[in-house]
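The values are calculated or read from the model by the stated rules, or taken from the named source; none is laboratory data. Not measured: the values here are computed from a predicted model. Here the Cβ positions follow ideal geometry from the backbone for every residue, glycine too, while neighbour counts run over all protein chains shown. Please note that ligands, DNA and RNA were not included when accessible areas were found on the heavy atoms of the full protein model with its side chains. Shrake-Rupley method; radii C 1.70, N 1.55, O 1.52, S 1.80 Å.
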Amino acid sequence: MKKLPGTLRAAVWWWAALAVAAAGFGAASVGNAQIAPADERTGLVALAIVLGLLAALVGYGAWQLSRGRLAGRGLLTTFGLIGGLPLLTRGPRLGVLAAGLLIGVVMLWLPPSLRYFKEQSREARARRKAERAATRPPTRRP
């Protein structure tokens, strides 16, 4: 396995920090649920569950990325774009979170990262093409 370029090592740390932050906010939500009025507890517990799942998802993507897997880049890119782009329109407070997600996505697509994943991308594309060819019924020519 090739050594990860600096941009990918930084991206691993970036995404791991985002996963830890999500887990921390989830834990804080659980703590707030214990002192909140009864009618607010359900929402805080639901938020904690969502943040916990989010932390696990981002942590898994960061782990895959640290192992140099293309799947990690795909997972984190998808999550970063789906989460980050809509947050840009929600005001300055959530804009900071959006910027964090989008900075993480940009790190995954810088030139050193592209060079690192080029061979894996080529192999994955060839594998998909072979699978499609194998599942297609043979064509008859008159």
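See the values below:
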{"item": "Cross-chain or 6+ apart pairs with Cβ under 6 Å, the stretch 114-130 first and within 13 Å of GLY74 (Cβ to Cβ), then open to solvent by less than 90 Å² (accessible area, probe 1.4 Å)", "result": "PHE117/LEU70; GLN120/LEU70"}
{"item": "Total residues in the stretch 1-42, condition out of contact with any Gly (no Cβ under 7 Å at 6 or more places or on another chain), outside any helix (DSSP H, G or I) and open to solvent by less than 50 Å² (accessible area, probe 1.4 Å)", "result": "2"}
{"item": "ALA134 vs. criteria without any contact (Cβ under 8 Å) to a residue 60 or more places away in the chain and under 27 Å from PRO5 (Cβ atoms)", "result": "no"}
{"item": "All positions within the stretch 17-41 that are of a type outside the set (Asp, Glu) and over 29 Å from GLY80 (Cβ atoms)", "result": "GLN34, ILE35, ALA36, PRO37, ALA38, ARG41"}
{"item": "Residue list for the stretch 1-53, filter: of a type in the set (Lys, Arg) and more than 18 Å from VAL106 (Cβ to Cβ)", "result": "LYS2, LYS3, ARG41"}
{"item": "Candidate set from the stretch 84-93 (those that are modelled with pLDDT under 90 and surrounded by 13 or more Cβ atoms within 10 Å (Cβ to Cβ)); member that is farthest from the chain's Cα centre (by Cα)", "result": "LEU88"}
{"item": "Number of the exception - TYR60 against (1) surrounded by 15 or more Cβ atoms within 10 Å (Cβ to Cβ); (2) assigned to a loop (DSSP other than H, G, I, E, B)", "result": "(2)"}
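Here is a yes/no grid of residues against (1) part of a helix (DSSP H, G or I); (2) at pLDDT 95 or above; (3) more than 13 Å from ALA19 (Cα to Cα); (4) over 9 Å from the mean Cα position of the chain (by Cα):
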| position | (1), (2), (3), (4) |
| --- | --- |
| LEU44 | yes, no, yes, yes |
| LEU47 | yes, no, yes, yes |
| GLY52 | yes, no, no, yes |
| GLY72 | yes, no, yes, no |
| LEU76 | yes, yes, no, no |
| ILE82 | yes, no, yes, yes |
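Yes or no, residue by residue, for (1) under 29 Å from ARG127 (Cα atoms); (2) open to solvent by 40 Å² or more (accessible area, probe 1.4 Å):
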site	(1), (2)
VAL45	no, yes
THR77	yes, no
GLY95	no, no
ILE103	no, yes
LEU110	yes, yes
